[in-house]
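The values are calculated or read from the model by the stated rules, or taken from the named source; none is laboratory data. On a predicted model such as this, the values are computed, not experimentally measured, just so you know. Please note: Cβ atoms are built from the backbone with ideal geometry, for glycine as well, and neighbour counts cover all protein chains shown. We work out accessible area using only protein heavy atoms, side chains counted, and drop any ligands, DNA or RNA first. Shrake-Rupley method; radii C 1.70, N 1.55, O 1.52, S 1.80 Å.
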Amino acid sequence: MTPLSEMPSNNQRRRFGKRTGRPALSAAAAVAVACLFATSLTTAPPAGAVAQAGTAAAPDAGARAGAVAQAEICDIYCDARDPAAATSDRVPVSATLYGRTIRLHVSDTDVMGWGSIDGGQPGDEVWLDRSFDGGRTWASGSRLGATTIPSGSTGWRTQMYNVDDWNNTGVGALRACGKAGDRAEIACTGWARNDRNAGSRSTAAATSLMMLWDRNTGLFETNGWWTAANALTAVIDNARISGMGSYRYAIAQTYDKNVNAREGQFRNEYLDDTGWWGLAWIAAYDLTGDSRYLNTARADADHMRAYWTSTCGGGVQWNTGIAYKNAITNELYIQLNAALHNRIPGDTTYLQRAQEGWDWFRASGMINSGNLINDGLNDSCVNNGQPTWTYNQGVVLGALAELHRATGDAALLTTARNLANASTSSTYLNPGGVLREVNEGDDCNSDGASFKGAYVRGLGKLNAALGDRPYSAYLDRQADAAYGNDRDSLDMYGPHWAGPLVRPATGHGCQHGALDLLNAAQAS
């Protein structure tokens, strides 16, 4: 039985693209992008919300050829319920086409939705599409309740269909589509959903992120490895901060499906990847108390320790086969070891490693004269002058907060304040007062799309450790900007917190970054 707390609620050296192996747009997405837009929305339409040429009987781009048979879904009620029985009616999105208005109706209390078309004539069509991956595809949920305006009427509606497939951990979205009976073009609304698990900004963003969680692999859409660790951490943090435990199931399923992948225990040749996963399992342990997560975090820290070398006087190298010493790997190493010490009674080993890691990092030269942190060290073991990526400015703050908790050394927080003051006040990193990644692009599936989330997560940890909460206003400003300028009708976020909204076809980095931000702002 699912515990009540886990039931749904109703209220580089990474050198961008170096090792991501990102896939090209799917054929379905490419077709959707090529179609003529005919949707009227107050925000930019997500991928797939298009007017499409072709006959109404043919499945549209996202449905793909050979769509599988539709399966009835039951939640509070089963699919195909009469809208007359709805206990509430909200219209989050609409579209127009040839004088017709197509609306998506949502009954939040029934956790269902239906579509309507008005201002038309007999023979006009209306139907629903249902997606379980944030509107990327809707193969088994295409043309639900398809119907036509009857003789003598100018409008009609579909039956009601469930938004979620909660019994199969399917976090869903609906859109309404329609067409004039005498024309080929199709218009669809944007995607939207009921307010289950969306009682706050952060829980709504967590719910949309979970639409991108792959139930088969236990990772997230595009199956990125280190970014999945960050996305899972954001979901775990949200459960802790918001109190909404609906997605706790993802913790164990991610672990069970991937614990034997690569080198096992979430270890691999990139030591920073291992550090991200180690911190994810620390977060999982804090939330659940399950010791296997703590044991895996220990295995990850020990794996990183094996690649602490004498090159440049110490530090963990970036890759098991590459001697490069960089900032992110060593910041993660410090934080992970300090976190382990704080959770293992009587430990001295991990504390010693964390202190040694910080002593080396502080003297390494990667912290420049402006108190910003460059990417790493060159072959002469001096600062290489590579970009001051946002995540390098943030992870160190979480590391110092954790190390201060372990030692009580006030000087660590003083140093952390100096670093945080430099990054939060930098006009280079905060043009117009809103955080922007160095060389920020329009994508959500590159390494860089995840960097800002790691920054604000670390800043939030430091802010919580300081009695005067000096960075609350900064975090609130970022959260307000993203919520107001970078969000669509499904609470999906794009790459630019200051706007304009861009909805790339693939990638979860932008969404977990926004969730990290909303978590940090809520906690502040």
What number of residues within segment 283-299 are open to solvent by 10 Å² or more (accessible area, probe 1.4 Å) and hydrophobic (A, V, I, L, M, F, W, C)? 4
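Scan segment 134-175 residue by residue and report those that are in a loop (DSSP other than H, G, I, E, B) and out of contact with any Phe, Trp or Tyr (no Cβ under 9 Å at 6 or more places or on another chain).
Here is the first cut: in segment 134-175, the residues in a loop (DSSP other than H, G, I, E, B) are 134-138, 142-143, 149-155, 158-159, 163-164, 169, 171-172.
If the condition is that a residue be in a loop (DSSP other than H, G, I, E, B) and out of contact with any Phe, Trp or Tyr (no Cβ under 9 Å at 6 or more places or on another chain), then 136, 137, 151, 152, 153, 154, 155, 163 are the ones that fit.
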Of the residues that sit in segment 193-208 and are part of a helix (DSSP H, G or I) and not hydrophobic (A, V, I, L, M, F, W, C), which one is most open to solvent (accessible area, probe 1.4 Å)? 201
Could you please let me know if residue 455 is open to solvent by less than 10 Å² (accessible area, probe 1.4 Å), closer than 26 Å to residue 479 by Cβ and in contact with a Leu (Cβ under 9 Å, 6 or more places away or on another chain)? yes
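Kindly establish whether residue 423 is under 20 Å from the mean Cα position of the chain (by Cα) and in a helix (DSSP H, G or I).
Working: under 20 Å from the mean Cα position of the chain (by Cα): no; in a helix (DSSP H, G or I): yes.
Answer is no for this residue.
With the requirement that a residue be in contact with a strand residue (DSSP E or B) (Cβ under 6 Å, 6 or more places away or on another chain) and small (Gly, Ala, Ser), what does segment 88-107 give you? It would help to see each step written out before you state the result.
First, the residues of segment 88-107 that are in contact with a strand residue (DSSP E or B) (Cβ under 6 Å, 6 or more places away or on another chain): 88-95, 97, 100-106.
Matches in segment 88-107: 88, 94, 95.
Restricting the search to segment 438-452, which residues are in a loop (DSSP other than H, G, I, E, B) and buried (at least 24 other Cβ atoms within 10 Å of the Cβ)? Spell out how you get there, then give the answer.
We begin by selecting, within segment 438-452, every residue in a loop (DSSP other than H, G, I, E, B); these are 438-446.
If the condition is that a residue be in a loop (DSSP other than H, G, I, E, B) and buried (at least 24 other Cβ atoms within 10 Å of the Cβ), then 444, 446 are the ones that fit.
When residues of segment 458-480 are filtered for being of a type outside the set (Asp, Glu) and open to solvent by 30 Å² or more (accessible area, probe 1.4 Å), how many remain? Give the steps one after another, and end with the answer.
We begin by selecting, within segment 458-480, every residue of a type outside the set (Asp, Glu); these are 458-467, 469-475, 477-479.
Now narrow it down to the ones that are open to solvent by 30 Å² or more (accessible area, probe 1.4 Å): 461, 464-465, 467, 469-470, 473, 477.
Residues flagged as of a type outside the set (Asp, Glu) and open to solvent by 30 Å² or more (accessible area, probe 1.4 Å) within segment 458-480 amount to 8.
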Residues in segment 101-130 that are among the charged types (D, E, K, R) and open to solvent by less than 30 Å² (accessible area, probe 1.4 Å): how many? 5
State whether one or more residues within segment 237-260 are over 20 Å from the mean Cα position of the chain (by Cα) and buried (at least 19 other Cβ atoms within 10 Å of the Cβ). no
Cβ-Cβ distance below 9 Å, separation of 6 or more or different chains: which pairs start in segment 373-394 with a residue that is part of a loop (DSSP other than H, G, I, E, B) and end on one that is of a type in the set (Asp, Glu) and open to solvent by less than 20 Å² (accessible area, probe 1.4 Å)? 384/375; 385/375; 386/375; 387/375; 388/375; 389/375; 389/437
Considering only residues that are outside any helix (DSSP H, G or I) and among the β-branched types (Val, Ile, Thr), look in segment 218-264 and name the one that is nearest to residue 516 (Cα to Cα). 222
Cβ-Cβ under 6 Å, sequence separation 6+ or interchain: first residue in segment 467-485 and of a type in the set (D, E, K, R), partner crowded, with 19+ Cβ neighbours inside 10 Å and assigned to a helix (DSSP H, G or I). Which pairs? 469/463; 476/521
From the residues in segment 487-524 that are touching a helix residue (DSSP H, G or I) at 6+ places or on another chain (Cβ under 7 Å) and of a type in the set (D, E, K, R), which one is most open to solvent (accessible area, probe 1.4 Å)? 491
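Within segment 265-282, track down each residue that is assigned to a loop (DSSP other than H, G, I, E, B) and open to solvent by less than 10 Å² (accessible area, probe 1.4 Å).
Initial filter on segment 265-282 (assigned to a loop (DSSP other than H, G, I, E, B)): 265-269.
Correct list: 266, 268.
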For the subset of segment 134-163 comprising residues that are touching a Gly at 6+ places or on another chain (Cβ under 9 Å) and either of a type in the set (Lys, Arg) or within 20 Å of residue 505 (Cβ to Cβ) (or both), which member is modelled with the lowest pLDDT? 139
Neighbours by Cβ (under 6 Å, 6+ apart or cross-chain): first from segment 173-192, open to solvent by 10 Å² or more (accessible area, probe 1.4 Å); second of a type outside the set (Phe, Trp, Tyr) and in a strand (DSSP E or B): 179/125; 179/186
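Would you check if residue 483 is open to solvent by 40 Å² or more (accessible area, probe 1.4 Å) and not in a loop (DSSP other than H, G, I, E, B)? Break it down stepwise before answering.
Values: open to solvent by 40 Å² or more (accessible area, probe 1.4 Å): yes; not in a loop (DSSP other than H, G, I, E, B): yes.
Yes; evaluated as a whole, the condition is true for this residue.
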Can you go through 225, 166 and tell me which one is open to solvent by 10 Å² or more (accessible area, probe 1.4 Å), modelled with pLDDT under 95 and hydrophobic (A, V, I, L, M, F, W, C)? 166
